[in-house]
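To start, the structure under review is shown below, and the notes come after it.
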Amino acid sequence: MNVLIRILLAPLSIAFAVMAWIMRRVREERAEKLSRILVGIALASQRARRLRNMKRVFSDWKEEQIRRLNKAHMRYISRLIVEFVRLLDLTDEQVRERIDLEGEAHLKEALNGGKGILLVGSHLGNWWHVRAVLSLKGYRLSI
C-alpha cells in the first residue's frame, strides 16, 4: 500500500480502534447509541444517494416511508457494528444463545456427500455470528 495512503488512513484506524474499545466497555444500549451517532456522521455524505436509490427501488412509496426506511437502515448498520465489535467478548454459550441455527439437518446431509459445500447467505442479520456458531458446532469454514 502506498505510504501516503497509509498516512491518510491512520487517523481513521485510530478512531475506529478507540470507538471499538469504548463500545466493548459500556452497556450495549449505550454502545448502540454511540454507534448510531458515529454511523450518522460517517455516512452523512452518502445520505442523498441512499435516499435517491431507495426512491428508485420503492418508486410508489411516499417520502415519509423512504425516510423511515433510511432511518431503519442506519440503525441496522449501527447494530451490526456493535455486534461485530462485541463478538470477541462473548462466551461460547452466549454466542449459542444469540443464534438460532435452522435447517442444520440440511447442512449435515450435504456434508455427508463428502465433497464439502458452499453456503450462500443473505444480508439479513449478522453473518459473523452465524460463522461463530457454525465453528462452535465443529464445522470447518473457509471464508
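The values are calculated or read from the model by the stated rules, or taken from the named source; none is laboratory data. None of these values were measured; they are calculated from a predicted model. So basically every Cβ, Gly included, is an ideal-geometry build from the backbone, and we count neighbours across all protein chains shown.
General remarks:
- Check on Arg25, among the basic types (Lys, Arg) and not in a helix (DSSP H, G or I): yes
- Total residues in segment 1-16, condition at pLDDT 75 or above, loosely packed, with under 10 Cβ neighbours inside 10 Å and aliphatic (A, V, I, L, M): 1
- Within segment 46-63, the set of residues being assigned to a helix (DSSP H, G or I) and either under 20 Å from Ile77 (Cβ atoms) or of a type outside the set (Asp, Glu) (or both) comprises Gln46, Arg47, Ala48, Arg49, Arg50, Leu51, Arg52, Asn53, Met54, Lys55, Arg56, Val57.
- Residue in segment 112-123 that is part of a helix (DSSP H, G or I) and of a type outside the set (S, T, N, Q) present: no
- Every test in (1) aliphatic (A, V, I, L, M); (2) in a helix (DSSP H, G or I); (3) surrounded by 10 or more Cβ atoms within 10 Å (Cβ to Cβ); (4) assigned by TED's automatic domain parsing to the domain that holds Leu134 is passed by Ala105 save one, and that test is (3).
- Filter result (within 16 Å of the chain's Cα centre (by Cα) and among the hydrophobic types (A, V, I, L, M, F, W, C)) within segment 1-36: Phe16, Met19, Ala20, Met23, Ala31, Leu34
- Residue ID - farthest from Met23 (Cα to Cα), chosen from residues in segment 91-102 that are part of a loop (DSSP other than H, G, I, E, B) and free of Cβ contacts under 8 Å to residues at least 12 places away in the same chain: Glu102
- Some residue of segment 39-52 being under 15 Å from the mean Cα position of the chain (by Cα), closer than 21 Å to Trp128 by Cβ and touching a residue at least 60 places away in the same chain (Cβ under 8 Å): no
- None of Val82, Val57 is modelled with pLDDT of 95 or more and either loosely packed, with under 13 Cβ neighbours inside 10 Å or within 16 Å of the chain's Cα centre (by Cα) (or both) except Val57.
- Candidates Glu32, Glu64, filtered to the one that is closer than 24 Å to Ala20 by Cα and acidic (Asp, Glu): Glu32
- The single residue among Glu32, Glu64, Glu28 that is charged (D, E, K, R) and farther than 17 Å from Ile81 by Cα turns out to be Glu64.
- Top-ranked residue in segment 108-136 [being exposed (fewer than 15 other Cβ atoms within 10 Å of the Cβ) and either assigned by TED's automatic domain parsing to the domain that holds Ala17 or of a type in the set (S, T, N, Q) (or both); ranked as nearest to Leu43 (Cα to Cα)]: Ser122
- Answer from Val26, Val95 - the residue that is of a type in the set (Val, Ile, Thr) and closer than 27 Å to Lys137 by Cβ: Val95
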